[in-house]
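S.K.: There's a structure below that I have some questions on.
The values are calculated or read from the model by the stated rules, or taken from the named source; none is laboratory data. Computed from a predicted model, the values in this text were never measured in an experiment. Positions of Cβ are generated from backbone atoms using ideal geometry, with glycine treated the same way; all protein chains shown enter the neighbour counts.
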Amino acid sequence: MASRQRGATDPAGDREILSAGDVARTVARMAHQIIEKTALDAPSAPDVVLMGIPSRGAPLARRLAAKIAEFSGRTVHEGTLDITLYRDDLRRGPTRPLEATKLPEGGIDDKLVVLVDDVLFSGRTIRSALDALRDHGRPRAVQLAVLVDRGHRELPIRADYVGKNLPTSKTEDVVVMLEEFDGRDGVVLK
Amino acid sequence: MKPLLLKGVRPYGEGEPQDILIRDGVIAEGTDENAEVVEGNGAVLLPGFVDLHTHLREPGREDTETIETGSKAAALGGYTAVFAMANTDPVADNAVIVEHVARRGQEVGLVDVHPVGAVTVGLKGEKLAELGTMANSKARVRVFSDDGHCVHDPLIMRRALEYSKSLNAVIAQHAEEPRLTVGAQAHEGENASRLGLQGWPAAAEESIVARDCILAKQVGARLHVCHVSTTGTADVLKWAKARGTEVSAEVTPHHLVLTDDRLATYDPVNKVNPPLRTQADVDALRQALADGTIDCVATDHAPHAVQDKDCEWSAARPGMLGLQTALGIVVETMVKTGLLDWRGVARVMSEKPAEIAGLTDQGRPIAVGEPANLVLVDPDASWTVNGAQLASIAGNTPFEGMELPAAVTATILRGRVTAVAGRIAE
Amino acid sequence: MKHLLSTDGLDRDQAIAILDTADRLKQALLGREVRKLPTLRGRTVITMFYENSTRTRVSFEIAGKWMSADVINVSSSGSSVSKGESLRDTALTLQAAGADCVIVRHPASGAAHRLAGWLKHTNTSVVNAGDGMHEHPTQALLDAATLRDRLGSLDGRRVAIVGDVLHSRVARSNVHLLTTLGAEVTLVAPPTLLPTGVENWPVTVSHEIDSQLASQDAVMLLRVQAERMTGGFFPSSREYSIAYGLNERRLKLLPEHAVVLHPGPMLRGMEIASVVADSPQAAITEQVRNGVHVRMAVLYHLLAHEEENA
């Protein structure tokens with residue numbers, strides 16, 4: 001599936017940014033970074049939980065949790081956090097279906113919560129996620145992990161873990177594909 | 001008064017166009033060069049229509065209709081006589097009120113306004129009103145009705161029928177068994193059931209009509225049944241007539257065309273009593289009118305103020321305008337379907353109602369020496385109903401936006417033109 | 001969706017979308033300290049109750065408040081409603097005052113439809129919170145939510161609705177919604193309490209309850225209103241209770257998984273025995289809980305999207 005050369009442009013004008021293999025390697029690297037930065041493998045390791053933002057942040061969080069467990073031997077609980085009800089642009093489109101919210105085992109109070117999403121763009125989703133988190137409890141600290149940072153921030157928000165920094169123009173579309181939804185992994189710029 | 005010459009008209013829509021001269025309010029022979037001319041252009045000439053069932057709302061609800069505006073609507077609709085129902089405020093249950101209504105009608109002078117007297121005091125169904133005094137008053141009341149309410153007490157109804165015999169009058173019954181229609185809002189059928197509207201069962205009408213036919217036969221009196229709305233009532237009438245009961249009956253234009261499918265919007269413009277029934281009833285009523293089981297068409301013209309209609313269904317008053325749309329509906333439902341010819345229209349809209357009410361100068365043949373109460377109808381015209389443009393103060397027509405066939409070109413009351421080309425004559 | 005006036009005409013996708021949203025909302029609120037979502041901040045929701053119903057009004061009020069809407073209650077006593085102002089004028093006044101949504105309970109069937117008609121050229125949504133004998137769509141939705149919780153999908157499930165179907169807006173809304181969701185509905189009532197033309201409804205009708213119970217996945221009991229007892233619809237409350245009341249013996253005729261629903265308020269000992277109401281099969285308090293989530297979902301679907309320009 002990942003046989004195409006990276007950066008190649010297909011006839012529809014789509015450019016592949018990450019192949020399936022790249023996605024797997026990137027997730028693994030991010031897992032290492034999370035272990036390192038949070039000192040998860042230290043004896044006094046903090047309680048880390050991952051919260052994926054649906055839809056594609058959720059499986060990414062699951063994959064990161066699995067990798068972290070594999071690399072560090074530590075189990076980190078993960079959950080999902082739907083931010084639809086916290087969006088500031090609900091009245092700008094048709095009714096959006098709600099996604100699942102599932103707090104990680106043990107909750108989020110006094111935990112180090114790592115929010116996980118596929119693409120970081122304007123930052124509004126993350127702002128909404130911070131609002132939503134506040135209603136669910138009081139984490140000790142919140143960090144952010146994204147597979148792709150495509151720039152164009154509209155709020156003072158930055159990611160702690162970035163899989164791929166990808167300069168884009170505003171008119172371009174970054175599409176993250178994941179096995180769970182799309183039948184294959186990959187990142188494409190349209 | 002100048003003579004009137006109707007040029008190129010076809011009496012009963014039959015034969016070649018001819019000229020009809022009217023002199024001194026009577027159909028005359030020959031022609032007259034000084035006559036005022038009404039161009040017929042081949043229009044159908046019929047005896048002026050007679051409405052046995054009109055609510056003119058005066059006195060009491062002059063914000064919705066007055067004798068003047070109602071008379072205009074009648075003239076524009078082709079009517080030369082109307083019977084004004086007794087459920088005014090105060091109720092027309094005494095000589096003072098009926099004489100007032102008759103006098104106002106004469107003053108306006110566009111249509112003969114005959115007051116209907118109440119059968120019981122205050123329409124309460126408890127005590128007979130002074131029928132004789134009203135009959136002998138200047139209003140010469142010959143039709144009595146508690147319309148809007150049923151004379152439900154069988155003993156009171158029997159006495160009214162018996163008593164009316166000596167007055168040469170007829171009792172017109174609003175047939176609605178009150179216990180069967182407590183809280184009733186709409187025809188008891190699938191539509192009302194789905195929409196949660198309390199049902200008005202056909203049996204509530206049919207049982208009263210059956211009872212009253214039996215009573216009328218027993219005491220040898222005349223009975224008139226208002227606004228027949230069900231197949232069953234037509235069956236009962238057929239049976240009663242077959243056994244020699246002196247019973248007559250009317251059907252409204254709206255019951256000839258509208259059904260309870262209209263309920264779906266909950267728009268009370270469609271609320272009426274008796275309620276709109278089913279298509280099967282509509283078909284049966286048309287047939288009964290065609291075969292004479294139902295004698296005539298009566299409008300049950302019922303003006304209502306906006307606030308009494310533009311509200312929730314159960315709070316709305318029942319009733320709809322009818323005087324100006326009756327002809328169009330009758331042509332649409334009876335003539336175009338081949339159920340009646342123009343002689344038939346003359347029968348159900350003029351001759352029969354005049355006969356039922358005992359009028360001697362209305363519903364007469366179109367012949368020399370007869371009173372010139374006439375209506376000229378353009379059978380090929382069509383028009384679109386616009387409630388705001390009707391002559392009534394109220395605008396509650398269920399036919400809003402509908403295109404109706406045939407138009408009144410002129411209405412003539414005792415030789416005088418009251419309406420012409422959709423306008424009241426000056 | 002601009003209004004919710006009835007379940008008649010609500011298609012399967014719309015109904016399931018509302019129920020799914022209600023599930024998500026329930027999940028989103030689970031175990032939280034702050035049971036408040038910012039979703040409808042700045043939106044004004046007005047409840048207009050022309051009939052007393054504390055349970056429904058409070059449920060809507062909580063739903064609106066948990067979504068951060070400003071909820072204002074207009075009750076029929078002490079307001080212009082009791083001073084003879086027409087429903088139309090009241091509605092137009094509330095709309096002009098800035099209502100984004102009017103939730104109406106009214107004794108007249110069709111009142112909510114009329115309101116929607118009067119507000120046609122505005123952005124104000126109307127929710128029918130019960131109109132006469134017509135419909136009570138949010139009750140049917142909360143019943144369906146409760147049945148889904150207990151039974152999973154409603155496809156092919158059998159639900160008996162027992163009691164005064166004739167006068168019941170809850171029954172009408174449930175017949176439409178349950179059949180839309182694929183359930184098979186049986187109406188159980190004496191002939192006096194069944195609507196005209198029920199034989200053409202997409203339901204089975206029975207005048208007898210015992211033989212029906214073994215095959216049902218749920219039984220929904222309707223309240224018998226006091227005025228019916230004197231209206232000659234059945235000889236006595238005792239006879240009704242014997243013939244149609246869900247007692248302990250009948251509870252045992254139901255399959256073990258079957259759910260017992262009641263829209264409340266219950267007449268214990270009349271249509272439902274106390275021991276049944278308090279049995280594990282009864283889902284009556286779940287119905288109330290789901291009521292809030294379903295009404296939140298309805299407000300979400302009506303208010304949290306792009307305004308269609310009227």
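S.K.: Tally the residues that are more than 14 Å from every other protein chain (Cβ to nearest Cβ) and of a type in the set (A, V, I, L, M), restricting the search to the stretch C:146-174. Let's see the steps before the verdict.
M.R.: We begin by selecting, within the stretch C:146-174, every residue more than 14 Å from every other protein chain (Cβ to nearest Cβ); these are C:146-163.
Still in the list and also of a type in the set (A, V, I, L, M): C:147, C:151, C:154, C:159-162.
Result for the stretch C:146-174: 7.
S.K.: Another one. Can you pull out every residue in the stretch B:261-296 that is surrounded by 23 or more Cβ atoms within 10 Å (Cβ to Cβ) and more than 20 Å from the chain's Cα centre (by Cα)?
M.R.: Restricting attention to the stretch B:261-296, the residues satisfying the condition of being surrounded by 23 or more Cβ atoms within 10 Å (Cβ to Cβ) are B:263, B:266, B:268, B:270-272, B:274-277, B:281, B:285, B:289, B:293-296.
Hits for the stretch B:261-296 are B:Leu263, B:Tyr266, B:Pro268.
Conditions tested, residue by residue: (1) of a type outside the set (A, V, I, L, M); (2) touching an Asp or Glu at 6+ places or on another chain (Cβ under 9 Å); (3) more than 23 Å from B:Gly322 (Cβ to Cβ).
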| position | (1), (2), (3) |
| --- | --- |
| B:Gly183 | yes, no, yes |
| B:Asn191 | yes, yes, no |
| B:Ala204 | no, yes, no |
| B:Ile208 | no, yes, no |
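S.K.: Given the options C:Asp89, C:Asp131, name the one that is within 10 Å of another protein chain (Cβ to nearest Cβ), of a type in the set (Asp, Glu), out of contact with any Cys (no Cβ under 9 Å at 6 or more places or on another chain) and free of Cβ contacts under 8 Å to residues at least 24 places away in the same chain. I'd like the intermediate steps shown before the answer.
M.R.: Working: C:Asp131 fails: free of Cβ contacts under 8 Å to residues at least 24 places away in the same chain.
Of the residues listed, the single one that is within 10 Å of another protein chain (Cβ to nearest Cβ), of a type in the set (Asp, Glu), out of contact with any Cys (no Cβ under 9 Å at 6 or more places or on another chain) and free of Cβ contacts under 8 Å to residues at least 24 places away in the same chain is C:Asp89.
S.K.: To continue, here is another question. Test of understanding: among C:Ala99, C:Ala129, C:Ala28, C:Ala111, which residue is farther than 30 Å from A:Leu103 by Cα, more than 19 Å from the chain's Cα centre (by Cα), of a type outside the set (D, E, K, R) and buried (at least 24 other Cβ atoms within 10 Å of the Cβ)? Break it down into steps so the answer makes sense when it comes.
M.R.: Details: C:Ala129 fails: more than 19 Å from the chain's Cα centre (by Cα); C:Ala28 fails: farther than 30 Å from A:Leu103 by Cα; C:Ala111 fails: more than 19 Å from the chain's Cα centre (by Cα).
Of the residues listed, the single one that is farther than 30 Å from A:Leu103 by Cα, more than 19 Å from the chain's Cα centre (by Cα), of a type outside the set (D, E, K, R) and buried (at least 24 other Cβ atoms within 10 Å of the Cβ) is C:Ala99.
S.K.: Suppose we keep only residues that are touching a residue at least 12 places away in the same chain (Cβ under 8 Å) and acidic (Asp, Glu) within the stretch A:115-141. Which one would you say is farthest from the other protein chains (Cβ to nearest Cβ)?
M.R.: Looking only at the stretch A:115-141, we keep the residues that are touching a residue at least 12 places away in the same chain (Cβ under 8 Å), and these are A:115-133, A:136-141.
Adding the requirement that they be acidic (Asp, Glu) leaves A:117-118, A:131.
Working: A:Asp117: 18, A:Asp118: 20, A:Asp131: 7 Å.
Among those that are touching a residue at least 12 places away in the same chain (Cβ under 8 Å) and acidic (Asp, Glu), it is A:Asp118.
S.K.: Of these, C:Leu267, C:Leu261, which one is within 21 Å of the chain's Cα centre (by Cα) and either modelled with pLDDT under 90 or on the phi > 0 side of the Ramachandran plot (or both)?
M.R.: Numbers: C:Leu261 fails: either modelled with pLDDT under 90 or on the phi > 0 side of the Ramachandran plot (or both).
Exactly one of C:Leu267, C:Leu261 is within 21 Å of the chain's Cα centre (by Cα) and either modelled with pLDDT under 90 or on the phi > 0 side of the Ramachandran plot (or both), namely C:Leu267.
S.K.: Further, regarding this structure: Does at least one position in the stretch A:86-102 carry a residue that is over 17 Å from the mean Cα position of the chain (by Cα), within 25 Å of C:Asp20 (Cα to Cα) and among the aliphatic types (A, V, I, L, M)?
M.R.: Yes, there is a match, as at least one residue in the stretch A:86-102 is over 17 Å from the mean Cα position of the chain (by Cα), within 25 Å of C:Asp20 (Cα to Cα) and among the aliphatic types (A, V, I, L, M).
S.K.: How about the stretch C:31-49: which of its residues are exposed (fewer than 15 other Cβ atoms within 10 Å of the Cβ) and more than 25 Å from A:Lys102 (Cα to Cα)?
M.R.: Scanning the stretch C:31-49 gives a single hit, C:Gly42.
S.K.: Run down A:Ser55, A:Ser44 and say which single residue is within 20 Å of A:Val176 (Cα to Cα), part of a loop (DSSP other than H, G, I, E, B) and hydroxyl-bearing (Ser, Thr, Tyr). Outline the logic, then answer.
M.R.: Details: A:Ser44 fails: within 20 Å of A:Val176 (Cα to Cα).
Only one candidate qualifies: A:Ser55.
S.K.: Let me ask you something else. Can you confirm whether B:Gln362 is in a loop (DSSP other than H, G, I, E, B), of a type in the set (S, T, N, Q), outside the structural domain of B:Ser164 (by TED's automatic domain parsing) and under 17 Å from the mean Cα position of the chain (by Cα)? Steps first, answer last, please.
M.R.: Values: in a loop (DSSP other than H, G, I, E, B): yes; of a type in the set (S, T, N, Q): yes; outside the structural domain of B:Ser164 (by TED's automatic domain parsing): yes; under 17 Å from the mean Cα position of the chain (by Cα): yes.
Yes; evaluated as a whole, the condition is true for this residue.
S.K.: Here's something else I'd like to know. Could you please find all residues in the stretch C:178-202 being more than 14 Å from every other protein chain (Cβ to nearest Cβ) and either within 16 Å of the chain's Cα centre (by Cα) or modelled with pLDDT under 95 (or both)?
M.R.: Quick first cut of the stretch C:178-202, residues more than 14 Å from every other protein chain (Cβ to nearest Cβ) only: C:178, C:180-186, C:188, C:190.
Of everything in the stretch C:178-202, those that are more than 14 Å from every other protein chain (Cβ to nearest Cβ) and either within 16 Å of the chain's Cα centre (by Cα) or modelled with pLDDT under 95 (or both) turn out to be C:Leu178, C:Thr180, C:Leu181.
S.K.: Right, next: Just name the residue that is farthest from C:Ala108 (Cα to Cα) out of those in the stretch B:248-260 that are β-branched (Val, Ile, Thr) and crowded, with 23+ Cβ neighbours inside 10 Å.
M.R.: The first filter runs over the stretch B:248-260 and keeps only residues β-branched (Val, Ile, Thr), leaving B:251-252, B:257, B:259.
Next, only the ones that are crowded, with 23+ Cβ neighbours inside 10 Å stay: B:251-252.
Details: B:Val251: 29, B:Thr252: 27 Å.
Filtering the stretch B:248-260 for residues that are β-branched (Val, Ile, Thr) and crowded, with 23+ Cβ neighbours inside 10 Å, the one farthest from C:Ala108 (Cα to Cα) comes out as B:Val251.
S.K.: How do the pairs read when you match residues in the stretch B:407-426 that are free of Cβ contacts under 8 Å to residues at least 24 places away in the same chain with residues anywhere that are acidic (Asp, Glu) and surrounded by 24 or more Cβ atoms within 10 Å (Cβ to Cβ), using Cβ under 6 Å and keeping only pairs 6 or more apart or on different chains?
M.R.: Hits for this filter: zero, empty list.
S.K.: Test A:Glu172 against the stated conditions and say whether it is within 12 Å of another protein chain (Cβ to nearest Cβ), assigned to a loop (DSSP other than H, G, I, E, B) and of a type in the set (Asp, Glu). Give the steps one after another, and end with the answer.
M.R.: Numbers: within 12 Å of another protein chain (Cβ to nearest Cβ): no; assigned to a loop (DSSP other than H, G, I, E, B): yes; of a type in the set (Asp, Glu): yes.
The answer is no for A:Glu172.
S.K.: Just to verify a result, which residue in the stretch A:99-114, among those that are part of a loop (DSSP other than H, G, I, E, B) and not charged (D, E, K, R), is nearest to the other protein chains (Cβ to nearest Cβ)?
M.R.: Restricting attention to the stretch A:99-114, the residues satisfying the condition of being part of a loop (DSSP other than H, G, I, E, B) are A:99-101, A:103-111.
This time we only want the ones that are not charged (D, E, K, R), so: A:100-101, A:103-104, A:106-108.
Working: A:Ala100: 6, A:Thr101: 5, A:Leu103: 7, A:Pro104: 12, A:Gly106: 12, A:Gly107: 8, A:Ile108: 11 Å.
So, considering only residues that are part of a loop (DSSP other than H, G, I, E, B) and not charged (D, E, K, R), the one nearest to the other protein chains (Cβ to nearest Cβ) is A:Thr101.
S.K.: Something else: Being of a type outside the set (A, V, I, L, M, F, W, C), more than 24 Å from B:Ala315 (Cβ to Cβ), touching a residue at least 60 places away in the same chain (Cβ under 8 Å) and out of contact with any Gly (no Cβ under 9 Å at 6 or more places or on another chain) narrows it down to one of C:Thr54, C:Thr21, so name that one. Full working, then the answer.
M.R.: Values: C:Thr54 fails: touching a residue at least 60 places away in the same chain (Cβ under 8 Å).
Answer to the check: C:Thr21.
S.K.: Would you point out the residue of the stretch A:58-98, among those that are within 14 Å of chain C (Cβ to nearest Cβ) and of a type in the set (Gly, Ala, Ser), that is farthest from A:Asp131 (Cα to Cα)? Before the answer, list the steps.
M.R.: Applying the first criterion (within 14 Å of chain C (Cβ to nearest Cβ)) to the stretch A:58-98 yields A:58, A:79-98.
Narrowing the set further to residues that are of a type in the set (Gly, Ala, Ser) leaves A:58, A:79, A:93.
On the way: A:Ala58: 18, A:Gly79: 16, A:Gly93: 21 Å.
Looking at residues that are within 14 Å of chain C (Cβ to nearest Cβ) and of a type in the set (Gly, Ala, Ser), I get A:Gly93.
S.K.: Residues that are more than 14 Å from chain A (Cβ to nearest Cβ) and at positive phi: does the stretch C:270-277 have at least one?
M.R.: Within the stretch C:270-277, the subset more than 14 Å from chain A (Cβ to nearest Cβ) is C:270-277.
From the residues that got through so far, the ones that are at positive phi too are none.
No, every residue in the stretch C:270-277 fails to be more than 14 Å from chain A (Cβ to nearest Cβ) and at positive phi.
For (1) buried (at least 17 other Cβ atoms within 10 Å of the Cβ); (2) more than 24 Å from A:Val49 (Cβ to Cβ); (3) over 13 Å from the mean Cα position of the chain (by Cα), each residue gets a yes or a no:
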{"residue": "A:Ile126", "(1), (2), (3)": "yes, no, no"}
{"residue": "A:Ala132", "(1), (2), (3)": "yes, no, yes"}
{"residue": "A:Arg140", "(1), (2), (3)": "no, no, yes"}
{"residue": "A:Ala145", "(1), (2), (3)": "yes, no, no"}
{"residue": "A:Asp149", "(1), (2), (3)": "yes, no, no"}
{"residue": "A:Val176", "(1), (2), (3)": "yes, no, no"}
{"residue": "A:Phe181", "(1), (2), (3)": "no, no, yes"}
{"residue": "A:Arg184", "(1), (2), (3)": "no, yes, yes"}
{"residue": "A:Leu189", "(1), (2), (3)": "yes, yes, yes"}
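S.K.: Here's a follow-up. Can you find a residue that is more than 30 Å from B:His187 (Cα to Cα) and β-branched (Val, Ile, Thr) anywhere in the stretch B:373-393?
M.R.: Yes, the conditions are met somewhere in the stretch B:373-393.
S.K.: Something else: Give the stretch C:98-119 a look and list any residue that's more than 23 Å from C:Met296 (Cα to Cα) and either out of contact with any strand residue (DSSP E or B) (no Cβ under 7 Å at 6 or more places or on another chain) or away from chain B (no Cβ under 14 Å) (or both), or say none.
M.R.: Residues satisfying the conditions are C:Pro107, C:Arg114, C:Gly117, C:Trp118.
S.K.: Another question about this same structure. Could you please let me know if B:His152 is in contact (Cβ under 8 Å) with a residue 24 or more places away in the chain and either part of a strand (DSSP E or B) or polar (S, T, N, Q) (or both)? Give the derivation first.
M.R.: On the way: in contact (Cβ under 8 Å) with a residue 24 or more places away in the chain: yes; either part of a strand (DSSP E or B) or polar (S, T, N, Q) (or both): no.
No, not satisfied.
S.K.: Determine, yes or no, whether C:Tyr240 is of a type in the set (Ser, Thr, Tyr), in a helix (DSSP H, G or I) and over 18 Å from C:Leu193 (Cβ atoms). Steps first, please.
M.R.: Numbers: of a type in the set (Ser, Thr, Tyr): yes; in a helix (DSSP H, G or I): yes; over 18 Å from C:Leu193 (Cβ atoms): no.
No.
S.K.: Right, here's the next one. Just checking, how many residues over the stretch C:1-10 are over 17 Å from the mean Cα position of the chain (by Cα) and either more than 14 Å from chain A (Cβ to nearest Cβ) or outside any loop (DSSP other than H, G, I, E, B) (or both)? Don't jump to the end; show me each part of the working.
M.R.: Taking the stretch C:1-10 and keeping what is over 17 Å from the mean Cα position of the chain (by Cα), we get C:1-2.
The next check asks that each one be either more than 14 Å from chain A (Cβ to nearest Cβ) or outside any loop (DSSP other than H, G, I, E, B) (or both); those that pass are none.
Of the residues in the stretch C:1-10, 0 are over 17 Å from the mean Cα position of the chain (by Cα) and either more than 14 Å from chain A (Cβ to nearest Cβ) or outside any loop (DSSP other than H, G, I, E, B) (or both).
S.K.: Which number in (1) farther than 20 Å from B:Ile171 by Cβ; (2) more than 13 Å from the chain's Cα centre (by Cα) marks the one condition that B:Val101 misses?
M.R.: Of everything listed in (1) farther than 20 Å from B:Ile171 by Cβ; (2) more than 13 Å from the chain's Cα centre (by Cα), B:Val101 misses just condition (1).
S.K.: When you go through C:Ser168, C:Ser173, C:Ser206 one by one, which is the residue that is modelled with pLDDT of 95 or more, closer than 17 Å to C:Met133 by Cα and in contact with a helix residue (DSSP H, G or I) (Cβ under 6 Å, 6 or more places away or on another chain)?
M.R.: C:Ser173
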